[in-house]
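Working notes, beginning with the structure itself.
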Amino acid sequence: MIPASVNVVAIDGPAGAGKSTIARELSRVLKLPYLDTGAMYRGITCAALRLGIDVHDVDAVAKLASTTILEITDDALVVDGVDATSDIRGDSVTRAVSAVAANSIVRSELRERQRKWVAIRGGGVVEGRDIATVVFPDARLKVFLTASPFVRAQRRVAQMGGDVSQIEHDIAERDHKDSTRSDSPLRESENAIVVDTSNRTIDDVVNEIAIAFHG
Ligand code: DC
């Protein structure tokens, strides 16, 4: 059997680097399904907040992750039968999600779900923080997207409003947590192509990645 990861584009990078925008467009161009793994961590976080579970309670959150049903489509996330599409982008989930993403049992549960999701569909454009390094180390193409902290903060403000310098500070804090945690920290995979999206158009970046995919 051909491993499903043959048709995987693994996209990692920090918050605001343009992963979701680029991955969605790339999925359209390459005709591969799109999976936002960050939404899965956000979905478990949302389930914990709904139930009043402390996100730092490692055992309780691990148990929750094994039973929470996540229904993921291109533009929606349903958590245990209740739509959570906008809640997962809200401030409370955004503030709490790093603690959930640092939980090794949650990571191992979601990693398996991500591999199954791709295996069933025969491939995908998969974005996250550990996709090239841990989840699909044999992906056909690995991409590390980055952008300057200021540009990343400006993009978040354009999407959600707020103050650029406060958001720049929050982004730096979350990057630090994501890249210094002991389990699957955010880092470039050895053979990833590194693309700085700061001063480039979406089409330009998608083109470069599509060309690299067809190699
Ligand atoms: O990409 P995002 O902002 O929606 O991700 C939400 C959080 O989940 C963020 O703190 C990083 C974490 N995450 C992760 O640890 N591993 C992934 N594969 C995807 C996201």
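The values are calculated or read from the model by the stated rules, or taken from the named source; none is laboratory data. This one's a predicted model, so the numbers in the text were calculated from it and none came from an experiment. Backbone-built Cβ (ideal geometry, glycine too); neighbour counts: all protein chains shown. Side chains included, ligands, DNA and RNA excluded: accessible areas come from the protein's heavy atoms. Shrake-Rupley method; radii C 1.70, N 1.55, O 1.52, S 1.80 Å.
If I ask for residues that are touching a residue at least 60 places away in the same chain (Cβ under 8 Å), open to solvent by less than 40 Å² (accessible area, probe 1.4 Å) and part of a helix (DSSP H, G or I), which ones from the stretch 27-84 would you list?
Result: S27, L30, T37, G38, M40, Y41, I44.
Right, K142: within 16 Å of the ligand (Cβ to nearest atom) and open to solvent by 80 Å² or more (accessible area, probe 1.4 Å) or not?
No; evaluated as a whole, the condition is false for this residue.
I'd like the residue in the stretch 127-139 that is crowded, with 22+ Cβ neighbours inside 10 Å and of a type outside the set (K, R) and, out of all such residues, is farthest from the ligand (Cβ to nearest atom).
A139
Quick test for you: out of A99, A76, A39, pick the one residue that is within 30 Å of A210 (Cα to Cα) and within 11 Å of the ligand (Cβ to nearest atom).
When all the criteria are applied, what remains is A39.
If you take the residues in the stretch 85-96 that are at pLDDT 95 or above and more than 12 Å from the ligand (Cβ to nearest atom), which one is surrounded by the fewest Cβ atoms within 10 Å (Cβ to Cβ)?
Checking each candidate, the answer is S86.
Hey, R111 hits all of (1) more than 11 Å from R42 (Cβ to Cβ); (2) away from the ligand (no atom under 11 Å from the Cβ) but one; which does it fall short on?
The single condition R111 does not satisfy is (2).
Just the residues that are touching a strand residue (DSSP E or B) at 6+ places or on another chain (Cβ under 8 Å), closer than 21 Å to R111 by Cβ and aliphatic (A, V, I, L, M), please, taken from the stretch 50-77.
Scanning the stretch 50-77 gives I69, L70, I72, L77.
Can you name the residue in the stretch 158-196 that is touching a strand residue (DSSP E or B) at 6+ places or on another chain (Cβ under 6 Å) and within 16 Å of the ligand (Cβ to nearest atom) and is also most open to solvent (accessible area, probe 1.4 Å) among such residues?
Result: E188.
Could you identify the single residue in V151, V97 that is assigned to a helix (DSSP H, G or I), more than 20 Å from S27 (Cα to Cα) and under 13 Å from the mean Cα position of the chain (by Cα)?
When all the criteria are applied, what remains is V97.
Kindly check whether there is at least one residue in the stretch 118-126 that is within 16 Å of D59 (Cα to Cα) and open to solvent by less than 30 Å² (accessible area, probe 1.4 Å).
Among the residues of the stretch 118-126, not one is within 16 Å of D59 (Cα to Cα) and open to solvent by less than 30 Å² (accessible area, probe 1.4 Å), which makes the answer no.
Would you check if D75 is touching a Leu at 6+ places or on another chain (Cβ under 9 Å) and more than 21 Å from D178 (Cβ to Cβ)?
no
Looking only at the stretch 1-17, how many residues end up being open to solvent by 20 Å² or more (accessible area, probe 1.4 Å) and over 26 Å from T68 (Cα atoms)?
Qualifying residue count, the stretch 1-17: 5.
Yes or no: R115 over 19 Å from S182 (Cα atoms) and out of contact with any strand residue (DSSP E or B) (no Cβ under 6 Å at 6 or more places or on another chain)?
Here the answer is yes, as R115 does meet what is asked.
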